[in-house]
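As structure tokens, the structure follows; a few thoughts come after it.
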Amino acid sequence: MIAVKNLHKYFGKLEILKGIDLEVKKGEVVVVIGPSGSGKSTLLRCLNLLEQPTSGEIAFEGHSITTKKHDINVTREKMGMVFQQFNLFPHKTVLQNIMLAPLKVKKQQHSEAEKIAVELLRTVGLEDKKDVYPAQLSGGQKQRIAIARALAMQPHVMLFDEPTSALDPEMVGEVLEVMKKLAEAGMTMVIVTHEMGFAREVGDRILFMDDGVIVEQGTPTEVFGSPKHVRTKDFLSKVL
Ligand code: ADP
Ligand code: MG
């Protein structure tokens, strides 16, 4: 579904991604771990071209998205993204937040968009919140709405950038639970997280990034159970 070849990203003279090769298969859950500043967010943002790669190639569903003639918007519709900060529209209700992009971008009929939004609210367990405003929601509820909003575009892959890092500890579980359900339903997902228990349980593959490179990757058992690289061992010894 996604194939990244020799991706480099510079910010000014600083090389942030130093040659990333990565493949994500349909239905796969890839979890990216690694220290702060290692380039995890930059990698995720390059995948949906929120950042322009400096060099290298990214293909999505068999088509290069890094060629000039590619229409970025077509790809973005098929890649849902959830951020640490929920970025909900404060002056719109929960239902309006979820329906906005399907109405504006997908030109869905109002009744169709509403039906899908209500179903998604049920999926994230918040059907009773459809008419409230984001300010009336807890952090965990906001993030579940942000996930529903991304899903409303019926994306083929979901990218998560530390979706639980801004939450109070007691709200982390409810968001991870929604993500786990998505994974079980077969959604293709790339997840940056510091939740190692979740990574181990839900990830099909773990990537450990440090200093702009993928240092090591493998199944959760391989990476958590017997890390090969000294940098992986060092990182895991600090977070586990
Ligand atoms: P991570 O998500 O692993 O913490 P990031 O991808 O956010 O890492 O950042 C990697 C490095 O790139 C950091 O040193 C950060 O300061 C730098 N960086 C990220 N975004 C920008 C930007 N827009 N301009 C300049 N430097 C950036
Ligand atoms: Mg980050």
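The values are calculated or read from the model by the stated rules, or taken from the named source; none is laboratory data. Here the structure is a predicted model, which is why all the values come from computation and not from measurement. Reconstructed Cβ throughout: ideal geometry from the backbone, glycine too, with neighbour counts over all protein chains shown. Keep in mind that these areas ignore ligands, DNA and RNA; they rest on the heavy atoms of the full protein, side chains included. Shrake-Rupley method; radii C 1.70, N 1.55, O 1.52, S 1.80 Å.
Looking only at segment 64-81, which residues are closer than 22 Å to L151 by Cα and not polar (S, T, N, Q)?
I65, D71, I72, V74, R76, E77, K78, M79, G80, M81
May I ask you to verify whether K26 is within 16 Å of ligand 1 (Cβ to nearest atom) and in contact with a strand residue (DSSP E or B) (Cβ under 6 Å, 6 or more places away or on another chain)? No: the conditions fail for K26. Given the criteria over 30 Å from Y10 (Cα atoms) and not charged (D, E, K, R), does P227 qualify? Answer is no for this residue. Residues of segment 99-121 that are basic (K, R) and open to solvent by 90 Å² or more (accessible area, probe 1.4 Å): K104, K107, K115. The numbered conditions (1) over 22 Å from F86 (Cβ atoms); (2) touching a residue at least 24 places away in the same chain (Cβ under 8 Å); (3) outside any helix (DSSP H, G or I) are all true for M158 except (1).
Is it true that some residue in segment 85-101 is within 16 Å of ligand 1 (Cβ to nearest atom) and closer than 24 Å to R144 by Cα?
Yes: one or more hits.
Say whether the condition of being hydrophobic (A, V, I, L, M, F, W, C) and open to solvent by 20 Å² or more (accessible area, probe 1.4 Å) is met by at least one residue in segment 191-212. Within segment 191-212, none of the residues are hydrophobic (A, V, I, L, M, F, W, C) and open to solvent by 20 Å² or more (accessible area, probe 1.4 Å). Among the residues of segment 1-42, the ones that are under 17 Å from the mean Cα position of the chain (by Cα) and either open to solvent by 40 Å² or more (accessible area, probe 1.4 Å) or small (G, A, S) (or both) come to 11 in all.
Scanning segment 166-222 for residues that are of a type in the set (K, R) and either part of a strand (DSSP E or B) or within 29 Å of I16 (Cβ to Cβ) (or both) yields R200, R205. Cβ-Cβ contacts under 7 Å between residues 6 or more apart (or on different chains), taken from a first residue in segment 32-52 that is under 23 Å from D71 (Cβ atoms) to a second residue that is within 8 Å of ligand 2 (Cβ to nearest atom) and among the aliphatic types (A, V, I, L, M), are listed as L44/V192. Taking segment 1-60, which residues are within 12 Å of ligand 2 (Cβ to nearest atom) and polar (S, T, N, Q)? Correct list: S36, S38, S41, T42.
Within segment 85-98, the set of residues being open to solvent by less than 70 Å² (accessible area, probe 1.4 Å) and modelled with pLDDT under 95 comprises just one member, F86. Among the residues of segment 43-63 satisfying the criterion of being open to solvent by 30 Å² or more (accessible area, probe 1.4 Å) and at negative phi, which is farthest from ligand 1 (Cβ to nearest atom)? Selected residue: H63. Beta carbons closer than 7 Å, at least 6 apart along the sequence or on distinct chains, pair a first residue in segment 1-24 that is without any contact (Cβ under 8 Å) to a residue 60 or more places away in the chain and over 22 Å from K78 (Cβ atoms) with a second that is open to solvent by less than 30 Å² (accessible area, probe 1.4 Å) and in a strand (DSSP E or B) for N6/G19; H8/L17; H8/G19. List the pairs whose first member sits in segment 88-108 and is more than 18 Å from T75 (Cβ to Cβ), whose second member is of a type in the set (V, I, T) and in a loop (DSSP other than H, G, I, E, B), and whose Cβ atoms are under 8 Å apart, counting only residues at least 6 apart or on separate chains? Between residues of segment 88-108 that are more than 18 Å from T75 (Cβ to Cβ) and residues that are of a type in the set (V, I, T) and in a loop (DSSP other than H, G, I, E, B), the close pairs are T93/V132; V94/V132.
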